[in-house]
Amino acid sequence: MDFSKKDWLEKVSHVAQVGGIETSVLDNGRGRGTRIAWINTGTGLRFKVVIDRAMDIADAYFNQFNLSWISRLGVARPQPLSDKGADWLSTFGGGLLVTCGLTHVGGPEVDAFGSRGLHDQISNIPAEIIYIKQPDLLSGDLEMSISGKILQGHPLGHYIELTRTIRCYLGDPTIYIEDVVQNVGNMDVPHMLLYHFNFGWPLVDAGTELLWNGKWQPRESGESNKIFKAGLDFKTCQEPREDHRGAGEEAVFIAPESDQSGNSSCGLFNEKLDFAVALTFKKEQLPWLTNWQHWGPGEYVTGLEPGTNPPLGQKVMRERKELIFLKPKEKKVYQLSLGILDTIEGIQVFKDKM
């Protein structure tokens, strides 16, 4: 629908007929009591923001097609103290976006500076909503947005705050995310951040193309590296693999290329469904990209994950002298967008960049 024209205004009584934001609370299962917001762009792109899970994104659809991978757990209530060992997995519902950090990204670890659980706490912390903005049809303001604050930390330690704004426009099949991470405590704090985008069937299927470009290094080595080898086609999604039952998985760390505007891009193209998903981010803000591949039977997913660092943890980044620290009151801004491409021209232009 072309929302730039006004001929439809005389036929619409409420914005919900064409799009907008609707908030509610889940009332059953693991997610009972969890606040959510459904956002409908009016273009076939609609998605569920989990307000009580750092405003991450769970379900996402384009027309009748699902985009995200959702684990068997689905949306679960936040458990902020699930920060020991691999506890994080016990509430990992998948979904289009799971935020990892804000002080550690990677596996469980212990060193002289403390112990840290898998991927830290932020995705298990509820947001305090600042505002919700609906489109204003009469004035022609097509923007809808939701913004909230998520505070991670504790007394006598660090406090680090994420202010997240998710913005869309009627008629534009794109999700715009702007995050501001600020040290609101009184001591220097380590900072690591990973945007764990998880894509699932039917977008992800055997033959779906993975689109990214840049120098790469496999996470696994030796016999454990079965996928990311020179000469193998690891940019085409596979059929489910028997060796990926249970904990079978592999990942590759990528230094993505950027364009003249400093933007890096990655995505997926499913020729059978005739559309692509394009994820764009600022190279200066997020210089690393991880491609996670887990082709387990009944647990079939690939991830494209921009980050401040490879997800190797504080310990390794400290040893490499690459660990970021935020001083009191210091902040960093991160901007990403995820959009749908459903024209031959748009898809080809995007693929040519890869």
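What to note about this one:
- Note on Trp292: accessible area is roughly 30 Å² with a 1.4 Å probe, heavy atoms of protein only.
- Apolar share of the accessible surface for the chain: 51 percent from carbon plus sulfur atoms, 1.4 Å probe.
- The stretch 51-101 and the stretch 223-263 have Cα centres separated by 22 Å.
- Shape category assigned to the stretch 1-156 from the gyration tensor of Cα positions, a/c cut at 1.5: prolate
- Taken one residue at a time, the phi angles of the stretch 68-78 give Karplus couplings (6.51, -1.76, 1.60, θ = phi - 60°) of 9, 8, 10, 5, 4, 5, x, 5, 10, 4, x Hz. Gly and Pro are set to x.
- Measuring how big the chain is from its alpha-carbon positions, Rg and Dmax come out at 20.0, 66 Å.
- Accessible area expressed per residue, the chain, with surrounding protein chains retained (probe 1.4 Å, Å²): 45 Å²
- Spatially proximal aspartates and glutamates relative to Lys133 (Cα-Cα < 12 Å; intrachain offsets below 8 disregarded): Glu22, Asp141, Glu143
- Under the Karplus curve 6.51 cos²θ - 1.76 cosθ + 1.60, θ = phi - 60°, whole-Hz ³J(HN,Hα) for the stretch 160-173, x wherever Gly or Pro sits: 9, 10, 10, 9, 10, 10, 10, 10, 9, 9, 4, x, 10, x
- With DNA, RNA and ligands ignored, accessible area of Leu142 (1.4 Å probe; Å², nearest 10): 40 Å²
- Set the Cα radius of gyration of the stretch 234-292 against 2.2 N^0.38 Å, with N its number of residues, and you get 1.39.
- Hull shadow area, averaged, the stretch 150-262 [alpha-carbon convex hull, nm²]: 12.0 nm²
- With θ taken as phi - 60° and the Karplus curve 6.51 cos²θ - 1.76 cosθ + 1.60 applied, the whole-hertz 3J(HN,Hα) list for the stretch 320-332 is 7, 6, 10, 6, 7, 10, 9, 7, x, 6, 6, 9, 10 Hz, x standing for glycine and proline.
- Over the stretch 117-163, relative contact order from alpha-carbon pairs under 8 Å, at least 6 apart, %: 32 percent
- Translational D in µm²/s for the stretch 214-263 (Stokes-Einstein at 20 °C, 1.002 mPa s, Kirkwood Rh from C-alpha pairs): 168 µm²/s
The values are calculated or read from the model by the stated rules, or taken from the named source; none is laboratory data. This is a predicted model, so every value here is computed, not measured. For the accessible areas, the whole protein counts, side chains as well, though only heavy atoms, and no ligand, DNA or RNA atoms are used. Shrake-Rupley method; radii C 1.70, N 1.55, O 1.52, S 1.80 Å.
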